[in-house]
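Below: the structure, in structure tokens.
Read-outs: derived from the displayed coordinates by stated rules, not from any lab. Everything quoted here is computed from the prediction, not taken from an experiment. A quick note on method: Cβ atoms are made from the backbone with ideal geometry, for glycine too, and the neighbour counts reach across all protein chains shown.
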Amino acid sequence: MAATKLQANWTAVSLGTTSITKVTQVTFSQGGSLATYSADGDHFPTVIVNLMNNPSASVTSGDEATLMAIAPGTVGIFSATHKDASSAAGGDVLYVLANAVAQNVQSSGQHGAFGTATLNMLAYSSDGVTSPLSFTRGGGGGSGVIG
């Protein structure tokens, strides 16, 4: 079966050596930020450039205790695999956020419902040039550095 190019469900989610299960949502952001320039009576920008990126990620899990045990400032590689919708070979997308720094964890729950916790992370570049966020389509397809 060919890859669907559609993703559903997450697996192999971890921060460093901490495996994160009961995952209901993962978010990755390139963190692009545009700067605009105008002068001399311009009413619109005459230049728009991307001067800075601030990649980030978050994960939401029903396993509140595992996420709450990750202290703010913890640094590690955050990785997660977004599965092909039909589980086709080569259709998964593996995301890797190197130098991920745990920012904060929020835990919540309602009466009569399952509780969740959400871990937010920022990331830094080791050399100031290479993006810490990358992805690979499993078994070939496309791959690249984001940002």
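Take the alpha carbon atoms of segment 72-94, find their center, do the same for segment 1-53, and report the distance between the two centers in whole angstrom. Using only Cα atoms to place each centre, the spacing works out to 15 Å. The helix-based estimate of mean residue ellipticity at 222 nm for the chain, built from -39,500 (n - 2.57) per DSSP H run of four or more residues and divided by its residue count, is -500 deg cm²/dmol to the nearest 500. Measuring r between the beta carbons of A71 and L51 and using R0 = 30 Å, the FRET efficiency lands at 0.40.
Within the listed set A102, A71, A35, the residue fluctuating most in the Gaussian network model of the chain (springs between alpha-carbon atoms under 10 angstrom) is A35. Scanning the chain for chymotrypsin sites (Phe, Trp or Tyr not before Pro) lying in DSSP loops with no more than 15 further Cβ atoms inside 10 Å, the longest uninterrupted stretch between such sites is 1-113.
Go ahead and set up a Gaussian network model of the chain, Cα springs under 10 Å, then flag whichever of S61, S79, S19 fluctuates most. So, out of S61, S79, S19, the one fluctuating most is S19. Against the set (1) 171; (2) 123; (3) 114, the structure's computed volume of the Cα convex hull per residue in Å³ falls on (1). Please find, in a Gaussian network model of the chain (springs between Cα atoms separated by less than 10 Å), the residue of D42, D127, D84 whose mean-square fluctuation is greatest. In the Gaussian network model the winner is D42. Relative contact order of segment 7-145, taken over Cα pairs closer than 8 Å and 6 or more residues apart, is 25 percent.
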